[in-house]
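Enquirer: Below you'll find the structure I mean.
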Amino acid sequence: MKFYHSPGSCSEGILLLLAACGAEYELIVTDLKSGAHRDPAYLAINPKGKVPALGLTDGTVLTEWPVIAYWLAKAYPDAGLLPSGLAEEVKVMALTEHIVSGLHMRGSVFAMMPQKFLPDMTAQAELRRYGQEIVREGFDVLAEQLGDKEHLFGAFSIADAAAYYLISWKERIGIEPPAVLESYHQRLTSISPI
Ligand SMILES: N[C@@H](CCC(=O)N[C@@H](CS)C(=O)NCC(=O)O)C(=O)O
(Lines give C-alpha, C1' and ligand atoms only; values in the text may rest on other atoms or scores of the structure.)
Protein backbone atom coordinates (compact mmCIF):
# COMPACT_ATOMS: atom_id res chain seq x y z
CA MET A 1 0.00 0.00 0.00
CA LYS A 2 1.02 3.61 -0.42
CA PHE A 3 0.10 6.12 2.24
CA TYR A 4 0.03 9.81 1.31
CA HIS A 5 0.78 11.89 4.37
CA SER A 6 1.63 15.45 5.32
CA PRO A 7 3.44 16.00 8.66
CA GLY A 8 1.31 17.83 11.22
CA SER A 9 -1.92 17.15 9.33
CA CYS A 10 -4.88 14.89 10.08
CA SER A 11 -3.08 12.06 8.27
CA GLU A 12 -1.08 11.62 11.49
CA GLY A 13 -4.17 9.93 12.94
CA ILE A 14 -4.14 7.38 10.13
CA LEU A 15 -0.43 6.72 10.78
CA LEU A 16 -1.45 5.71 14.29
CA LEU A 17 -4.00 3.26 12.88
CA LEU A 18 -1.56 1.82 10.32
CA ALA A 19 0.86 1.15 13.19
CA ALA A 20 -1.88 -0.45 15.30
CA CYS A 21 -2.74 -2.74 12.36
CA GLY A 22 0.89 -3.68 11.76
CA ALA A 23 0.23 -2.79 8.11
CA GLU A 24 3.03 -2.71 5.59
CA TYR A 25 3.03 0.42 3.47
CA GLU A 26 5.20 2.92 1.68
CA LEU A 27 5.04 6.39 3.21
CA ILE A 28 4.78 9.12 0.59
CA VAL A 29 5.16 12.58 2.09
CA THR A 30 2.84 15.00 0.34
CA ASP A 31 3.77 18.20 2.11
CA LEU A 32 0.89 20.67 2.29
CA LYS A 33 3.24 23.55 3.16
CA SER A 34 5.12 23.14 -0.11
CA GLY A 35 1.85 22.72 -2.04
CA ALA A 36 2.62 19.12 -3.07
CA HIS A 37 -1.10 18.28 -2.71
CA ARG A 38 -1.82 20.59 -5.68
CA ASP A 39 0.79 18.99 -7.96
CA PRO A 40 -0.78 17.38 -11.06
CA ALA A 41 0.93 14.10 -10.13
CA TYR A 42 -0.86 14.06 -6.75
CA LEU A 43 -4.16 15.30 -8.19
CA ALA A 44 -4.05 12.30 -10.53
CA ILE A 45 -4.03 10.12 -7.39
CA ASN A 46 -6.51 12.16 -5.35
CA PRO A 47 -8.34 14.78 -7.46
CA LYS A 48 -9.66 16.35 -4.22
CA GLY A 49 -6.12 17.51 -3.41
CA LYS A 50 -6.28 16.42 0.23
CA VAL A 51 -4.43 14.10 2.54
CA PRO A 52 -4.81 11.42 3.78
CA ALA A 53 -5.06 9.03 0.84
CA LEU A 54 -4.33 5.32 0.90
CA GLY A 55 -3.41 3.50 -2.29
CA LEU A 56 -4.34 -0.16 -2.05
CA THR A 57 -2.41 -2.95 -3.72
CA ASP A 58 -5.17 -3.41 -6.35
CA GLY A 59 -4.80 0.23 -7.43
CA THR A 60 -7.87 1.54 -5.59
CA VAL A 61 -7.25 4.85 -3.81
CA LEU A 62 -9.15 5.43 -0.59
CA THR A 63 -9.80 9.00 0.54
CA GLU A 64 -11.72 10.63 3.43
CA TRP A 65 -10.40 10.06 6.92
CA PRO A 66 -13.35 8.08 8.35
CA VAL A 67 -13.46 5.86 5.24
CA ILE A 68 -9.75 5.02 5.40
CA ALA A 69 -10.07 4.34 9.13
CA TYR A 70 -13.14 2.14 8.57
CA TRP A 71 -11.37 0.21 5.79
CA LEU A 72 -8.34 -0.43 8.02
CA ALA A 73 -10.60 -1.63 10.84
CA LYS A 74 -12.30 -4.10 8.51
CA ALA A 75 -9.15 -5.17 6.64
CA TYR A 76 -7.23 -5.79 9.88
CA PRO A 77 -9.88 -7.18 12.24
CA ASP A 78 -7.28 -8.53 14.67
CA ALA A 79 -6.30 -4.95 15.52
CA GLY A 80 -9.76 -4.50 17.10
CA LEU A 81 -10.16 -0.92 15.88
CA LEU A 82 -13.96 -1.19 15.96
CA PRO A 83 -16.00 -3.03 18.58
CA SER A 84 -17.97 -6.08 17.57
CA GLY A 85 -21.72 -5.68 17.16
CA LEU A 86 -23.46 -3.11 14.99
CA ALA A 87 -24.86 -1.10 17.91
CA GLU A 88 -21.40 -0.56 19.43
CA GLU A 89 -19.72 -0.06 16.07
CA VAL A 90 -22.00 2.80 15.05
CA LYS A 91 -21.31 4.62 18.34
CA VAL A 92 -17.60 4.68 17.47
CA MET A 93 -18.38 5.71 13.89
CA ALA A 94 -20.65 8.53 15.08
CA LEU A 95 -17.99 10.04 17.35
CA THR A 96 -15.30 9.62 14.67
CA GLU A 97 -17.51 11.40 12.17
CA HIS A 98 -18.22 14.18 14.68
CA ILE A 99 -14.50 14.72 15.31
CA VAL A 100 -13.55 14.76 11.62
CA SER A 101 -16.53 16.49 9.98
CA GLY A 102 -17.53 18.72 12.87
CA LEU A 103 -14.60 19.52 15.15
CA HIS A 104 -11.87 19.34 12.50
CA MET A 105 -13.57 20.54 9.31
CA ARG A 106 -15.71 23.27 10.91
CA GLY A 107 -14.18 24.01 14.31
CA SER A 108 -10.43 23.78 13.81
CA VAL A 109 -10.38 24.98 10.20
CA PHE A 110 -12.26 28.18 11.13
CA ALA A 111 -10.11 28.67 14.24
CA MET A 112 -6.77 28.04 12.52
CA MET A 113 -7.39 29.53 9.06
CA PRO A 114 -10.12 32.21 9.18
CA GLN A 115 -8.21 34.17 6.50
CA LYS A 116 -9.10 31.44 4.00
CA PHE A 117 -12.75 32.46 4.25
CA LEU A 118 -12.90 36.19 5.00
CA PRO A 119 -10.70 39.14 3.97
CA ASP A 120 -11.76 41.43 6.82
CA MET A 121 -9.60 41.10 9.98
CA THR A 122 -12.45 41.79 12.42
CA ALA A 123 -14.62 39.20 10.73
CA GLN A 124 -11.69 36.77 10.80
CA ALA A 125 -11.34 37.22 14.58
CA GLU A 126 -15.08 36.51 14.94
CA LEU A 127 -14.83 33.37 12.79
CA ARG A 128 -11.79 32.21 14.77
CA ARG A 129 -13.78 32.60 18.02
CA TYR A 130 -16.70 30.68 16.46
CA GLY A 131 -14.38 27.82 15.44
CA GLN A 132 -12.76 27.80 18.88
CA GLU A 133 -16.18 27.51 20.52
CA ILE A 134 -17.00 24.45 18.39
CA VAL A 135 -13.74 22.80 19.46
CA ARG A 136 -14.20 23.81 23.12
CA GLU A 137 -17.63 22.13 23.19
CA GLY A 138 -16.17 19.16 21.29
CA PHE A 139 -13.37 18.73 23.82
CA ASP A 140 -16.00 18.64 26.58
CA VAL A 141 -17.89 15.91 24.71
CA LEU A 142 -14.66 13.91 24.34
CA ALA A 143 -13.74 14.37 28.01
CA GLU A 144 -17.22 13.23 29.06
CA GLN A 145 -17.01 10.17 26.77
CA LEU A 146 -13.51 9.33 28.03
CA GLY A 147 -14.37 9.56 31.72
CA ASP A 148 -11.80 7.48 33.60
CA LYS A 149 -11.32 4.98 30.78
CA GLU A 150 -8.00 4.55 28.98
CA HIS A 151 -9.60 5.15 25.57
CA LEU A 152 -12.85 6.74 24.42
CA PHE A 153 -14.68 3.42 24.19
CA GLY A 154 -12.45 1.39 26.52
CA ALA A 155 -10.30 -0.37 23.92
CA PHE A 156 -8.31 1.68 21.40
CA SER A 157 -10.51 2.46 18.37
CA ILE A 158 -10.55 4.63 15.26
CA ALA A 159 -12.21 7.39 17.33
CA ASP A 160 -9.05 7.68 19.46
CA ALA A 161 -6.91 8.20 16.36
CA ALA A 162 -9.21 11.03 15.27
CA ALA A 163 -9.12 12.60 18.73
CA TYR A 164 -5.34 12.22 18.73
CA TYR A 165 -4.70 14.44 15.72
CA LEU A 166 -7.30 17.01 16.73
CA ILE A 167 -5.89 17.44 20.25
CA SER A 168 -2.39 17.72 18.69
CA TRP A 169 -3.56 21.01 17.15
CA LYS A 170 -4.57 22.59 20.49
CA GLU A 171 -1.99 25.41 20.30
CA ARG A 172 -2.89 26.33 16.73
CA ILE A 173 -6.59 26.21 17.60
CA GLY A 174 -5.94 28.23 20.76
CA ILE A 175 -7.98 26.08 23.11
CA GLU A 176 -6.68 24.27 26.16
CA PRO A 177 -8.28 20.84 26.45
CA PRO A 178 -9.57 19.57 29.81
CA ALA A 179 -6.79 17.96 31.90
CA VAL A 180 -8.19 14.47 31.33
CA LEU A 181 -7.65 14.91 27.57
CA GLU A 182 -4.06 16.12 28.07
CA SER A 183 -3.00 12.90 29.80
CA TYR A 184 -5.04 10.83 27.31
CA HIS A 185 -3.23 12.60 24.45
CA GLN A 186 0.16 11.85 26.03
CA ARG A 187 -0.77 8.15 26.14
CA LEU A 188 -1.69 8.22 22.45
CA THR A 189 1.51 10.10 21.58
CA SER A 190 3.52 7.32 23.19
CA ILE A 191 2.11 4.79 20.68
CA SER A 192 2.46 7.10 17.67
CA PRO A 193 5.08 5.91 15.14
CA ILE A 194 6.37 9.48 14.59
N1 LIG B 1 -12.76 15.39 4.33
C2 LIG B 1 -11.36 15.06 4.22
C3 LIG B 1 -10.57 16.23 4.75
C4 LIG B 1 -9.11 16.03 4.78
C5 LIG B 1 -8.42 17.36 4.96
O6 LIG B 1 -9.03 18.43 5.13
N7 LIG B 1 -7.11 17.30 4.92
C8 LIG B 1 -6.31 18.49 5.01
C9 LIG B 1 -5.10 18.26 5.91
S10 LIG B 1 -5.59 18.04 7.62
C11 LIG B 1 -5.81 18.86 3.63
O12 LIG B 1 -5.43 18.00 2.87
N13 LIG B 1 -5.83 20.16 3.32
C14 LIG B 1 -5.34 20.66 2.08
C15 LIG B 1 -6.28 21.65 1.48
O16 LIG B 1 -7.43 21.75 1.92
O17 LIG B 1 -5.85 22.32 0.55
C18 LIG B 1 -11.05 13.79 4.99
O19 LIG B 1 -11.86 13.39 5.84
O20 LIG B 1 -10.02 13.15 4.74
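The values are calculated or read from the model by the stated rules, or taken from the named source; none is laboratory data. Quantities reported herein were computed from a predicted structural model and do not represent experimental measurements. Virtual Cβ from ideal backbone geometry, glycine too; neighbours counted across all protein chains shown. The accessibility values were calculated without ligands, DNA or RNA, using every heavy atom of the protein model including side chains. Shrake-Rupley method; radii C 1.70, N 1.55, O 1.52, S 1.80 Å.
Enquirer: Can you tell which of Pro47, Tyr184, Ala23 lies farthest toward the positive end of the dipole of the chain, using +1 and -1 charges on the Cβ of basic and acidic side chains (Lys, Arg; Asp, Glu)?
Expert: Pro47
Enquirer: For the chain, give the percent of accessible area contributed by carbon and sulfur heavy atoms, probe 1.4 Å, rounded to a whole number.
Expert: Details: 5410 of 9680 Å².
It is 56 percent, rounded to a whole number.
Enquirer: Per-residue accessible area for Met93 at 1.4 Å probe radius, Å² rounded to 10?
Expert: Near enough 50 Å² of accessible area.
Enquirer: Tell me, which longest segment in the chain has none of the trypsin sites (Lys or Arg not before Pro) that fall in DSSP loops with at most 14 further Cβ atoms within 10 Å?
Expert: Working: sites that count: Lys33, Lys48, Lys149.
Longest site-free region, per DSSP loop and neighbour criteria: 49-148.
Enquirer: Hey, another quick one. Among the complete DSSP H segments of the chain, which ones combine at least 18 Å of alpha-carbon extent along their axis with a mean Kyte-Doolittle hydropathy of -0.5 or more? Can you show the working numbers first?
Expert: Numbers: long enough: 121-146 (37 Å, -0.38); 179-191 (19 Å, -0.02).
Sorted by number, the helices that extend far enough and score high enough are 121-146, 179-191.
Enquirer: For the stretch 107-114, take each phi angle, set θ = phi - 60°, evaluate the Karplus expression 6.51 cos²θ - 1.76 cosθ + 1.60, and give the result in whole Hz per residue in order, putting x for glycine and proline.
Expert: x, 5, 5, 5, 6, 8, 9, x
Enquirer: So what does Phe153 come to for accessible area, using a 1.4 Å probe and Å² rounded to 10?
Expert: Result for Phe153: roughly 60 Å² accessible.
Enquirer: Shifting gears a bit: Take every Cα pair under 8 Å in the chain that's 6+ residues apart, average their separations, divide by the length, and report that relative contact order as a whole percent. Don't skip to the end; give the middle numbers.
Expert: Working: 246 pairs, mean separation 43.1, N = 194.
This gives 22 percent for the chain.
Enquirer: OK, next. Multiplying the sequence separation of Ala19 and Lys48 by 0.36 nm and subtracting their Cα-Cα distance, what value in nm do you get?
Expert: Numbers: separation 29, 0.36 × 29 = 10.44 nm, distance 2.54 nm.
That works out to 7.9 nm of additional length.
Enquirer: Nearest 5 is fine: what % of DSSP beta bridges in the stretch 2-79 come out antiparallel, could you say? All intermediate terms of the calculation are to be shown ahead of the outcome.
Expert: Working: 6 of 10 bridges.
DSSP beta bridges in the stretch 2-79 are roughly 60 percent antiparallel.
Enquirer: Please state the shape class of the stretch 137-186: rounded when a/c is under 1.5, otherwise prolate if a/b exceeds b/c and oblate if not, all from the C-alpha gyration tensor. Don't skip to the end; give the middle numbers.
Expert: Details: a/c = 1.90, a/b = 1.48, b/c = 1.29.
Prolate shape, in that a/c is at least 1.5 and a/b is the bigger ratio.
Enquirer: If you don't mind, another one. Of the listed pairs Lys50/Lys149; Lys91/Lys170; Lys2/Lys170, which have alpha-carbon separations greater than 31 Å here? Can you show the working numbers first?
Expert: Values: Lys50/Lys149 33 Å; Lys91/Lys170 25 Å; Lys2/Lys170 29 Å.
Over 31 Å apart, Cα to Cα: Lys50/Lys149.
Enquirer: State, to one decimal in nm, how far the label point of His98 lies from the label point of Asp140, with both points 7 Å from Cα in the Cβ direction.
Expert: 1.3
Enquirer: A follow-up question, please. Binning at 5 Å from 0, report for the chain what percent of all alpha-carbon pair distances ends up in each bin.
Expert: P(r) for the chain, in whole percents per bin: 1, 8, 16, 19, 20, 17, 11, 6, 2, 0, 0.
Enquirer: How much solvent-accessible surface does Val67 expose, in Å² to the nearest 10, with a 1.4 Å probe and all protein chains in place?
Expert: Solvent-accessible area, nearest 10 Å²: 70 Å².
Enquirer: Determine which residues of the stretch 123-165 fall in the zone a paramagnetic label at Ile194 would reach in this model, i.e. backbone nitrogen under 16 Å from the point 7 Å along Cα→Cβ.
Expert: Under cut-off, by backbone N: 161-165.
Enquirer: Between Lys74 and Asp120, what's the calculated FRET efficiency when r is the beta-carbon distance and R0 is 35 Å? Round to 0.05. It would help to have the intermediate numbers written out before the result.
Expert: Working: r = 46 Å, r/R0 = 1.31.
Calculated transfer efficiency: 0.15.
Enquirer: Would you mind telling me which residue in Gly174, Gly85, Gly138 has the biggest mean-square fluctuation in a Gaussian network model of the chain, where springs connect alpha carbons within a distance under 10 angstrom?
Expert: So, out of Gly174, Gly85, Gly138, the one fluctuating most is Gly85.
Enquirer: With just the Cα atoms defining each centre, how far is the stretch 15-68 from the stretch 110-181? Give it in Å.
Expert: Measuring centre to centre over Cα atoms gives 23 Å.
Enquirer: With the chain treated as a Gaussian network of Cα nodes joined by springs under 10 Å, which of Pro83, Pro119, Pro52 yields the largest mean-square fluctuation?
Expert: Comparing Pro83, Pro119, Pro52 in a Gaussian network model of the chain, the most mobile one is Pro119.
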